[in-house]
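Below is one structure, written out as structure tokens; comments come after it.
The values are calculated or read from the model by the stated rules, or taken from the named source; none is laboratory data. Note that the structure is predicted; figures quoted are calculated from it, not measured. Here the Cβ positions follow ideal geometry from the backbone for every residue, glycine too, while neighbour counts run over all protein chains shown.
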Amino acid sequence: MKIKLILSVVCCFFLVVTSSTYAVSKDKLNNRIDRSNYFLEKIMEIPETSVPLTLMKSCHGIIIMRQYKAGFIFGVKGGMGVALKRDVETRKWSAPSFVTSGEASFGFQAGGQLTDTIILIMNKSGIESLLLTKFKLGVGAALAVGPVGRDTEAKIGQNTAYLVYSMAQGLYGGLVFEGGFISQDDNANREFYGRKISVKEIFQNTDDIPDEVKALIRTLEKYSNF
């Protein structure tokens, strides 16, 4: 009975956090952008643990999100954030596309966790995956834990598309294999831009940036265009 109750609570948590039909407002989306900017500044302000500037300078894009995790034996994670494309030639950042994340895992685990995550997109194939409605982000050669240190001369594998940086808030313990996905948040994009709009169209916009995003763009430029 207890196991069924736990599974029910966890599954409800998963559906609420990752559902594309949740209620969304412009204020909530602005808060999501502001939170992304705050976390980027927070992780970059400590030289020893920040994302290397050389990687920021060479990245093709970035995903910044807050993820929520809960589980006991069976676990789920969901999250919400923003994704931006960087033109490596002009060094301009695009307007943001809103995204959600989700995953399920099975293994020994306990507790709950709130995690802020940055995913650097390091090549063209990583950007192309973002244009899909939904894509899987799992363990493999294309995904790696990013090296740290602001002045580190980092080298990554040729096939590495994503570098992950996380900062946890709360408690979580476990040794599990996890596979997850990132989905385009079409409802959020429609609400923020006032019309139905594709991710490709959003990423093509590097000039007409909404005022609500300009602080985040300035932060990205500070660390990628040094």
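For the range 133-161, which residues satisfy the criterion of being surrounded by 13 or more Cβ atoms within 10 Å (Cβ to Cβ), among the aliphatic types (A, V, I, L, M) and over 19 Å from residue 51 (Cα atoms)? Within the range 133-161, 137 is the sole residue that qualifies. Reported count of residues in the range 53-67, each being at pLDDT below 95, buried (at least 21 other Cβ atoms within 10 Å of the Cβ) and not aliphatic (A, V, I, L, M), is 1. Of all residues in the range 184-211, those that are within 16 Å of residue 93 (Cβ to Cβ) have Cβ atoms under 8 Å from Cβ atoms of residues that are among the β-branched types (Val, Ile, Thr), 6 or more apart or on another chain, in 203/127; 206/90; 209/217.
Residues in the range 38-67 that are under 12 Å from the mean Cα position of the chain (by Cα) and either more than 14 Å from residue 146 (Cβ to Cβ) or assigned to a strand (DSSP E or B) (or both): 39, 61, 62, 63, 64, 65, 66, 67.
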